[in-house]
Amino acid sequence: MAAPSSFLLWSYYGHGWSRVMRYCRLPGLRSSWPGGPLGARHLSQEKRATETHFGFETVSEEEKGGKVYQVFESVAKKYDVMNDMMSLGIHRIWKDLLLWKMRPFPGTQLLDVAGGTGDIAFRFLNYVQAQHQGKQKRQLRAQQNLSWEEIAKKYRNEEDSLGGSRVMVCDINKEMLKIGKQKARAQGYKAGLAWVLGDAEELPFDDDKFDVYTIAFGIRNVTHIDRALQEAHRVLKPGGRFLCLEFSQVNNPLISRLYDLYSFQVIPVLGEVIAGDWKSYQYLVESIRQFPSQEEFKEMIEDAGFQKVTYESLTSGIVAIHSGFKL
């Protein structure tokens, strides 16, 4: 990507995570919270009365969850518009690269956390559908002796165009999920897609359930990143993959200065003009500066139990994709 566009990337993505919520019940979700077989996992009762950061502000851990929730409740309706306006569309390329790195195959079970507006989920569905259709065409070409009627019958009998793939979008913010569902209906996404209200630190899913876990521009808003990483490890199947797309540390001094100038002087103004919300975008700018560097985050992923952890910096380190496996 060209360097002149590198600093025109802003600080805005991701979803916050409050610590108290009710879970809806879907197939594969944990049976009761608390009181069921897994009710012993009272993570919310283990919170320490300590301080943390909300952007550059120091707040209690209890307070941060509510503040982050309010940010994304406020920006939900203008979330996609602001992404495009502030990034000149480059966020789309980053998300495409995340799918390219994932390379899902037909049958993949994906959990997309903090995915309320559906950007990763829709890309996943498009990708696996194209893969499945390509496989089907190759199989038909290999059977040269089939008649037209037999070929047409094979297509008609193809009930699952995704080859068994499914994506579960999990987000703690009702407004973000609402926007995602509206987009899905407008764009015709139905099969292989489910939505659940859930907390990244206490995922309402059974152990060893998913092939891939993704979180894009969301983990920096979690109060306890270590708990979110442990939960990601828990719900992945053995051999499953963790992928995180997040803002990171710029490695070019000149771009870093320009990026800071744009972030602090322009983005909040855009937030006020387009979304009528200066403070939320000021927080989102500040939250990026509080997030660990590429190497520090890599160590946190390893501490959660993941192996073969790597990362790739994009656009001079403005964002990075981290990858790890549950082995």
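The values are calculated or read from the model by the stated rules, or taken from the named source; none is laboratory data. No experiment lies behind these values; they were computed from the predicted model shown. Neighbour counts are summed over all protein chains in view; Cβ atoms, including those assigned to glycine, are modelled from backbone coordinates with ideal geometry. All accessible areas refer to the heavy atoms of the entire protein, side chains included, with ligands and DNA or RNA removed. Shrake-Rupley method; radii C 1.70, N 1.55, O 1.52, S 1.80 Å.
Summing +1 for each Lys or Arg and -1 for each Asp or Glu, what net charge is found among the other residues whose Cβ lies under 9 Å from the Cβ of ILE215?
Cβ neighbours under 9 Å give a net charge of -2.
Relative to the present Cα-Cα distance, how much length would full extension add between LYS237 and LYS174 at 0.36 nm per residue of separation?
Gain in length upon complete extension: 19.9 nm.
Determine ³J(HN,Hα), in whole Hz, for all residues of the stretch 81-94 in sequence, where each value follows from phi through the Karplus function 6.51 cos²θ - 1.76 cosθ + 1.60 and θ = phi - 60°; x replaces Gly and Pro.
4, 5, 4, 5, 5, 7, 9, 6, x, 5, 4, 5, 5, 4
So, counting K/R as plus one and D/E as minus one, what does the shell of residues with Cβ under 13 Å around SER263 add up to?
0
Provide Rg over Rh for the stretch 183-292; use the alpha carbon set for both Rg and the Kirkwood Rh (inverse mean inverse pair distance).
1.05
Determine the per residue accessible area of the stretch 200-320 with all protein chains present and a 1.4 angstrom probe, expressed in square angstrom.
37
Mind grabbing the base-10 log of I(q)/I(0) for the stretch 261-327 at q = 0.12, 0.14, 0.24 Å⁻¹? Debye formula, identical points on the C-alpha positions, no solvent, two decimal places.
For the stretch 261-327, the Cα-only Debye profile gives -0.45, -0.57, -0.95.
Step through the table entries LYS101/LYS174; LYS135/LYS209; LYS135/LYS237; LYS178/LYS326; LYS137/LYS308; LYS101/LYS298, compare each Cα-Cα distance with 23 Å, and write down the pairs that go over it.
Where the Cα-Cα span goes over 23 Å, the pairs concerned are LYS101/LYS174; LYS135/LYS209; LYS135/LYS237; LYS178/LYS326; LYS137/LYS308.
If you roll a 1.4 angstrom probe over the protein chains with everything in place, what fraction of the accessible area of the stretch 237-294 belongs to carbon and sulfur, to the nearest %?
56
For the stretch 246-294, treating each Cα as an identical point scatterer without solvent, what Debye log10 I(q)/I(0) comes out at q = 0.14, 0.17, 0.18, 0.32 1/Å?
-0.36, -0.52, -0.57, -1.14
Sort 180-186, 231-237, 78-84 by the packing proxy (mean of other Cβ within 10 Å over each peptide's residues), most packed first.
The densest-packed peptide leads the list: 231-237, 78-84, 180-186.
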